[in-house]
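Participant: Here it is, the structure in full.
The values are calculated or read from the model by the stated rules, or taken from the named source; none is laboratory data. This is a predicted model, so every value here is computed, not measured. Every residue, glycine among them, receives a Cβ derived from its backbone with ideal geometry; neighbour counts consider all protein chains shown. Side chains included, ligands, DNA and RNA excluded: accessible areas come from the protein's heavy atoms. Shrake-Rupley method; radii C 1.70, N 1.55, O 1.52, S 1.80 Å.
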Amino acid sequence: VNWNTRDILRDCLASVAEHLGPVRPEVLVVDNASSDGSAEMVASEFPQVRLIRNRENLGFARANNQAMAVARGAFFLLLNSDTLLTDDSVARLFGRLQGDAVPPVAHCRLLLPDGRVQHSTYRFPSLKLALLEDFGFYKFLSRRRQAETLLAGYWEHDEERDVDWVAGAFMLFPRAVYEKTGGFSEAYFMYGEDMEWCFRIRAAGWNIRYFPGTTIVHLDHSSSAIRWGDKRIAICIERQLSIFDKHHGRAWGAVFHLVRTLGMLIKVGYFSLRSLARGPNRDYYRDMRRYYRLSLKVHASLLASRR
């Protein structure tokens, strides 16, 4: 799915052609009414690609569903337009899944352009995890327990394991997953749709598994940064809270929301104090202070609107 990332999309498609060639994939691009010539570029430079052109930006969820509805393969690979395949590890993962009796939904290691691992595997939100993480109680756990319990940035993304949900930048799965669950919820324009779908995928009986031996590069937020900027932080928080309400009820949702708001207040205080000290991590602490200030503002505003 693409929106105004023409040059990045070109590199993505070229990398797919280079590194997935032996698999002979059917490649579909859904262009969400780009104004930068993305669709024209695909049509002229990649005539073998099946191009779906929307007259308006329909969002990430609906556009992916459009492609899955017409795709002909036995397996689907959802790949962000701002990703790059760098070797044959995706093709090898595909070959491995074909041999499984019940293939999981597979996710791979995402590397940022500077080589750092993007934290893209998560646990579903819960009151227990909010207390552990936001109030700092996780510090009483061993490093291994932190990794197993919290995932995200608390582990090295260095071993194969089942997880609760993954970022939608890369998802490889048998078409039966789509046929049984119906794909992404189109109630979400962007953000939250991957978590919500993973809830339904897990409920339908599939595991979601992380494979560190498969690696791609992810430029991250290439489209959303253009459209949303810092607003994406607010959207992500709002989505998480509404999905928690949906699965646990509004009463427990209110408790969860309050705990998270208090947790943001604690983190603002912590990183504000750490940012006062000089040292090599000062810029990191300042960035985290800014992030948690924004998060606290969003949580507090949403909490007030609940009343």
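Participant: Let me confirm something: among E40, E56, which residue is among the acidic types (D, E) and either in a helix (DSSP H, G or I) or in contact with a Phe, Trp or Tyr (Cβ under 7 Å, 6 or more places away or on another chain) (or both)?
Facilitator: E40
Participant: With open to solvent by less than 40 Å² (accessible area, probe 1.4 Å), part of a loop (DSSP other than H, G, I, E, B) and either without any contact (Cβ under 8 Å) to a residue 60 or more places away in the chain or within 23 Å of L172 (Cβ to Cβ) (or both) as the only criterion, which of S34, S15 stands out?
Facilitator: Unique residue meeting the criteria: S34.
Participant: Would you be able to say whether some residue in segment 243-261 is over 21 Å from L127 (Cα atoms), in contact (Cβ under 8 Å) with a residue 40 or more places away in the chain and open to solvent by 80 Å² or more (accessible area, probe 1.4 Å)?
Facilitator: From segment 243-261, those over 21 Å from L127 (Cα atoms) are none; that's our starting set.
No, that holds for no residue.
Participant: Name the residues in segment 120-152 that are of a type outside the set (A, V, I, L, M, F, W, C), surrounded by fewer than 15 Cβ atoms within 10 Å (Cβ to Cβ) and either under 17 Å from the mean Cα position of the chain (by Cα) or part of a loop (DSSP other than H, G, I, E, B) (or both), would you?
Facilitator: Selection gives G136, S142.
Participant: Right, another one. For Y284, work out the one condition from (1) more than 19 Å from A130 (Cβ to Cβ); (2) surrounded by 14 or more Cβ atoms within 10 Å (Cβ to Cβ); (3) of a type in the set (F, W, Y) it doesn't fulfil.
Facilitator: (2)
One line per residue, one yes/no per condition, for (1) over 27 Å from V1 (Cα atoms); (2) in a helix (DSSP H, G or I); (3) at pLDDT 95 or above; (4) of a type in the set (D, E, K, R):
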{"site": "F184", "(1), (2), (3), (4)": "no, no, yes, no"}
{"site": "C198", "(1), (2), (3), (4)": "no, yes, yes, no"}
{"site": "R209", "(1), (2), (3), (4)": "no, no, yes, yes"}
{"site": "G213", "(1), (2), (3), (4)": "no, no, yes, no"}
{"site": "I237", "(1), (2), (3), (4)": "no, yes, no, no"}
{"site": "L241", "(1), (2), (3), (4)": "no, yes, no, no"}
{"site": "G279", "(1), (2), (3), (4)": "yes, no, no, no"}
{"site": "R289", "(1), (2), (3), (4)": "yes, yes, no, yes"}
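Participant: From (1) over 16 Å from K231 (Cβ atoms); (2) under 23 Å from the mean Cα position of the chain (by Cα), pick out the condition that doesn't hold for R293.
Facilitator: (1)
Participant: Take R53 and tell me if it is surrounded by fewer than 19 Cβ atoms within 10 Å (Cβ to Cβ), under 25 Å from I201 (Cβ atoms) and of a type in the set (K, R).
Facilitator: Against the criterion (surrounded by fewer than 19 Cβ atoms within 10 Å (Cβ to Cβ), under 25 Å from I201 (Cβ atoms) and of a type in the set (K, R)), R53 does not qualify.
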